[in-house]
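These notes are about the structure you will find just below.
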Amino acid sequence: MKQFFKFMFASMLGFFLCIFVVTIIFFIFIAALVASVDKKETTRISANTVLEIRLDQPVTQRTENNPLKSFDFGKMKSNFQPGLNDIVECIDKAADDKDIKGIYLNVENVSGGLATIEEIRNALLRFKKSNKFIISYGEFYSQNAYYLSSVADQIYLNPEGEIDLRGYAATLMFMKGALDKLEIEPEVIRHGKFKSAIEPFIADKMSDANREQVKRFVDDFWNHTKDGIATSRKKSSEEIENIADSMKVESAEDAVKYGLADKLMYEDELMDLLKTKSGTKDEKPKLVSLTKYNKTESKVGFEKDKIAVIYAVGEISSGKGDDESIGSETTVADIRKARLDKNVKAIVLRVNSPGGSALASDVIWREVVLAKKAKPVVVSMGDLAASGGYYISCAADKIVAQPNTITGSIGVFGLLFNMQKLFNNKLGLTFDTYKTGPYGDLGLPTRPLTESERMKMQNSVERVYDTFTKRVADGRHINQADVDSIGQGRVWSGNDALRIGLVDTLGNLGDAIKIAARLSKTDKYRIYELPEQKDTFQEIIKELNGDVQSSFIKNELGDNAKYYQSIKQLVTRQGIQMRMDFDVEVK
C-alpha cells in the first residue's frame, strides 16, 4: 500500500509540474506575441522601395489592436493586416514618400464590401497623381479584386491564371422550408412592403417588391463597377459588359486578347520587372508590406484641435458593444465624450451597420441630436448604413456615402416563432401555463399569437415606424409623407440615396472629415478615434476569456461564418427591430 501511494503522489506531482511548465511556456509565448505586435519602434525603409499591398484578410473598418484575432495557430504565424483607415493612410502617405517608387498590388480576392473596396481604389487613384507606378499581378482575380486592380498602370497575369468577370449577383438564403419541416411558424409583424429582413422565414423566394429593390441596387452597383473598369482600361462600358455577359475570358490568353490584362508572366519575371521599375541595384526588389509601412514615422504634427471619428460597426443592440457590434451604451458614451471635449471641434460618425434594435437606435439618435447642438456632426457611411444604421445617421448635419453603399431600408418589423407543433409533434413536449391576465405569456414560443396580441404588436410596429419617419423628416428637412414614399423598408444604393435626398454627397471617410473640418472652421487638426482601443495585452486577455471562439469559427468557416452569426444573432434579438437582411451579398 505504501508503494501504491508513493507512485500515486509521484504521478500527481509530475502532472502538476507538467501543467505548471506548460502554463509558463504559454505565458512566455503570449508575452513574445505581445512584444512582437506591440513594438513601438518605427519601420525604416530605404530608397527605391515598392509598397506591396496584399488584402488576403477581411478588411475591417479600423485596425484592430488584438493580435490573436489575426493569428493562425495552425501555421503559428500572424496574418495581421491594417484596417481600412490605415490602409488608406498608408497609400496617401506613400504618394509623398520619396523612398517609395511605386505600388505592387498583389490581390486575388478582396474580403470586404463594395464601398470598402471603393475607398481603397480611390486612394490608389489619388496615388497615381504622384506619377509613381502601380503594377498589379495575380494568379487569379476575383471580380472585386479585378475592379480594385483595374486602376493599375499594368495588369499582369500568371500564364495559367484567370480573371473572373461575369457580372454581379445577389443571393438570399430562405429558411421557410426548414421551418416547415420542423413545424415552426414565424409570427411576423411589419411595416413596409420592402422590409425583406423577414422574408427568409415566410417565403422560399424573393417577393416581387424585394426583387425590384434588389435588381435596382445590384444593377446600379454593376454599372458603377463596369464603368470604373472601362475608364481605367480605356474601353467602353459596352465592351466590358459584352465580355462579362458572354464570359469571353476563359483563359489567361483571353484576358490579354480582350484587354483585361497587359501581359502574361510568372512571378519571378514580375520581380525582375519591379526591380527595374524601382531602380534598385539589389538582387531582388525591395518590398515593404502594408503592416510594416504602417509603422513608419508619420509626418503629421500634434495639433490641439481634434476631429473625432467614432466607429459604429455591426448590429445595433442595447448595452455595451465592441469592434464588431454597436452597443447603445458604448456608442452613446463615445459621442458624449466627444461632445464634451472642448478640443474636439467636430464629430464624424463612421457607420457600417445593417441596423438592429429600434430602442437602442433611438438612444444613439438622441445623443447624436445633443452632439449636433454643440458642434458639427457628419456621418460617413461604409458598406451599409441601413434601417437602424440609417436611423442613427439621419440627424447629422451632413451625410456622406459611397456610390455603392447600401442605405435606406426605412422600415420596422417584429418577429416571433410559434414552436408549439415542434414541441408537441416532434419532441413530445407539452406545456401548461397559469397567468394572471390574458397577456401574461405573450411572446412565449409555446403557442401562437392571438388576434388581440397581434393587433397590439402591430400597433407597436406602427408607432415605431411613425417615429422613424419623423426622425428622418426632421433630420433631412423633408415632408414625413415623402419619407414614407421612399421608405417602406426599401433599400437604396448610395447613388439613388443622393438622388432622393437621403444623403448629401458621395465620398469617403476622408471627404467626411474634410466636410466636418470646414463646418467647424478648423484648419489644423488631428484625428481622434473612438472608441479608444485597449492596449494589446488587455485585448489578448479578453480574447482568452471567450472571444477566441469566434476567431476560430471565422478561421474555419471563412466567408460562411456570417451564416453562423446570423443564427446566433437571431436567438438573442429582442424587441422591435430596424434592420436589413445583411446576408444579401453582392459579388
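The values are calculated or read from the model by the stated rules, or taken from the named source; none is laboratory data. Keep in mind that this is a model prediction, so the values were computed, not measured. Glycine gets a Cβ as well: all are built from the backbone with ideal geometry, and neighbour counts include every protein chain shown. The area values use the complete protein model at the heavy-atom level, side chains included, leaving out ligands, DNA and RNA. Shrake-Rupley method; radii C 1.70, N 1.55, O 1.52, S 1.80 Å.
Of note:
- Extension reserve of the residue 247-residue 322 stretch, reckoned as 0.36 nm per residue once the Cα distance is removed: 22.8 nm
- A crude spin-label estimate for the pair residue 527 and residue 234, with each label 7 Å from Cα along the Cβ direction, gives 3.4 nm.
- Max-minus-min Cα coordinates of the stretch 239-366 on each principal axis give 57, 45, 23 Å, with the largest extent listed first.
- Mean separation of Cα pairs under 8 Å and 6 or more residues apart, divided by the residue count, gives the stretch 376-486 a relative contact order of 27 percent.
- Loop sites in the stretch 337-427: trypsin sites (Lys or Arg not before Pro), DSSP, at most 15 other Cβ within 10 Å: 342
- Relative to the current alpha-carbon distance between residue 341 and residue 452, full extension at 0.36 nm per residue lengthens the span by 35.0 nm.
- Kirkwood Rh and Cα Rg combined as Rg over Rh, evaluated for the stretch 186-226: 1.09
- Surface composition of the stretch 155-214: carbon plus sulfur atoms contribute 49% of the solvent-accessible area (1.4 Å probe, protein chains only, all chains present).
- At most 11 other Cβ within 10 Å, DSSP loop - trypsin sites (Lys or Arg not before Pro), the stretch 119-168: 129
- Global geometry of the stretch 407-485, whether rounded, prolate or oblate, following the gyration tensor of its Cα atoms and the 1.5 cut on a/c: prolate
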